[in-house]
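Colleague: Would you mind keeping the following structure in view while I ask a few things?
The values are calculated or read from the model by the stated rules, or taken from the named source; none is laboratory data. Keep in mind that this is a model prediction, so the values were computed, not measured. Here the Cβ positions follow ideal geometry from the backbone for every residue, glycine too, while neighbour counts run over all protein chains shown. What goes into the accessible areas is simple: the full protein's heavy atoms, side chains included, and nothing from ligands, DNA or RNA. Shrake-Rupley method; radii C 1.70, N 1.55, O 1.52, S 1.80 Å.
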Amino acid sequence: MKYSIATMNSVPVLIAVLLFGFLLPAGAWGADAYPQRAIRLIVPYPPGGAGDIVGRMLAPKLTEALGQQVVVDNRGGGGQIIATELTAKAQPDGYTLFLASATHGINPGLRRGKLPYDTIKDFAPITLVAESPLVFVAHPSLGVANMKDLVAAAKAKPGRINYASSGPGTGGHLSVELLKYHTGIDLVHVPYKGAGPALTDLIGGQVQMMCTSPLPAMPHVKSGRLKALGMTSRTRSRAAPEVPTVAEQVVPGYESSLWYALLAPAATPQPVIKRVHAEAVRIVKSSEVTGQLLAQGAEPIGGSPEELRKFVLAEIERWTKVIEQANIRAD
């Protein structure tokens, strides 16, 4: 068999190209080659809470869209620092995604200089999935029907009413502390590793009240096991218009919200970010998922990575001011 000079010269080049291809990290070939194996979606809550509900709403849809299994990895506890640090230190190859929540914007102000990651620099924003108000809920044995009743009961029994949260520094924790600051009441904080176990104990009467997402809470309100006292949104929720806001009952101007966003480790290839972003936004804006979110009190968003980056920066600034003014501390 005869070989031309051109053919002989091309052999080393071909070998070099093949070797280079094998050495490229996953995702470096661009969006067309991604993904080639299962993707981990880290959720900073145990099963049963709002973040878990949103994560399990997205995971099967992303699995269908990307052609590879998207597996929810629940990593609750530590004020969400455990899950967030795990994401920050994961390989930036597109096979680790993170469902951040409002706590992501709270922790920098609450734990200044103590976070094992940089909230902005160590993450690649993908999209803001949804926003939701929180709802104050109480066990029927507390004997309160609304926020006015709660404040009156707390003033009559300072330090004797306890409230659960999904962990120190979470949206529910800060929302109650904000209420305490504005009303002067004294409530005892009982932190859990997520809204799921906190709600279980609330329903069982081990704790008396909490402020949490409507997603896991409202079904228990409708069944009569819990009493909804007030929404933290500026205006009444479309999902539960019968529940008045905290602002219209006891603290004019009071507002707090939860949010959920998709992030990836910093340096994740841009073609991968663009692919996941496009699919995630399509899913969030689909009639099925939009309907599911709205039915449970959450507003679907689906914005750009840059919009998410600016949003997180604004959240950090907002909550840092609140934490300083109210002198809120992590337990």
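Colleague: How far, in nm, would the chain grow between Gln91 and Arg56 when pulled straight, counting 0.36 nm per residue and subtracting the alpha carbon separation?
Modeller: Stretched out fully, the Gln91 to Arg56 stretch lengthens by 10.3 nm.
Colleague: Just the accessible area per residue of the chain, please: how many Å² with a 1.4 Å probe?
Modeller: 44 Å²
Colleague: Here's something else I'd like to know. Rounded to the nearest 500 deg cm²/dmol, what is the calculated helix-only ellipticity per residue at 222 nm for the chain, with -39500 (n - 2.57) per DSSP H run of length n ≥ 4?
Modeller: Mean residue ellipticity at 222 nm (helix-derived): -13500 deg cm²/dmol.
Colleague: Rounded to the nearest 20 debye, what is the charge dipole size of the range 41-95 about its Cα centre when +1 sits on each Lys and Arg Cβ and -1 on each Asp and Glu Cβ?
Modeller: Around 60 debye, computed over the range 41-95.
Colleague: Which of the residue pairs Lys121/Lys274; Lys193/Lys222; Lys114/Lys321 have a Cα-Cα distance greater than 20 Å in the structure shown?
Modeller: As for pairs spanning more than 20 Å Cα to Cα, those are Lys193/Lys222.
Colleague: In the chain, which helices (entire DSSP H runs) extend 15 Å or more along their own long axis, judged by Cα positions, while averaging at least 1.6 on the Kyte-Doolittle scale?
Modeller: Span-like helices in the chain: 5-23.
Colleague: Taking a probe of 1.4 angstrom, what is the accessible area of Asp122 in Å², to the nearest 10?
Modeller: 50 Å²
Colleague: Hey, any idea what % of the chain's accessible area is carbon plus sulfur with a 1.4 Å probe?
Modeller: Using a 1.4 Å probe with all protein chains present, the chain comes out at 56 percent carbon and sulfur.
Colleague: Asp201 label point, 7 Å along Cα→Cβ, cut-off 19 Å on backbone N: hits in the range 221-247?
Modeller: 226-227
Colleague: Once you've got the GNM for the chain with C-alpha springs shorter than 10 Å, pick whichever of Lys114, Lys89, Lys321 has the biggest mean-square fluctuation.
Modeller: Lys114
Colleague: Just name one of Met147, Leu86, Val43: the one whose Cα is farthest towards the positive end of the charge dipole of the range 36-163 (beta-carbon charges, Lys/Arg +1, Asp/Glu -1).
Modeller: The Cα lying farthest towards the positive end belongs to Met147.
Colleague: Stretched out fully, how many nm does the piece from Ser141 to Ala38 gain, at 0.36 nm a residue minus the Cα gap?
Modeller: So the extension gain works out to 32.4 nm.
Colleague: Name the residue, out of Val312, Val251, Val276, whose mean-square fluctuation peaks in a Gaussian network model built on the chain with Cα pairs under 10 Å.
Modeller: Result: Val251 has the largest fluctuation of those listed.
Colleague: Same structure again: Mean separation of Cα pairs under 8 Å and 6+ residues apart, divided by the residue count of the chain: what relative contact order is that in percent?
Modeller: Averaging sequence separation for qualifying contacts and normalising by length gives 26 percent for the chain.
Colleague: Can I ask one more? Any idea what the dipole of the chain comes to, in debye rounded to 20, about its Cα centre with Lys/Arg Cβ at +1 and Asp/Glu Cβ at -1?
Modeller: About 220 debye.
Colleague: Given Cβ point charges of +1 (Lys, Arg) and -1 (Asp, Glu) and nothing else, what value in debye, to the nearest 20, does the dipole of the range 107-187 about its Cα centre take?
Modeller: My answer is approximately 300 debye.
Colleague: At 7 Å along the Cα-to-beta-carbon direction for both Lys121 and Lys222, put a label point, then send me their distance in nm to one decimal.
Modeller: Result for the modelled spin labels: 4.7 nm.
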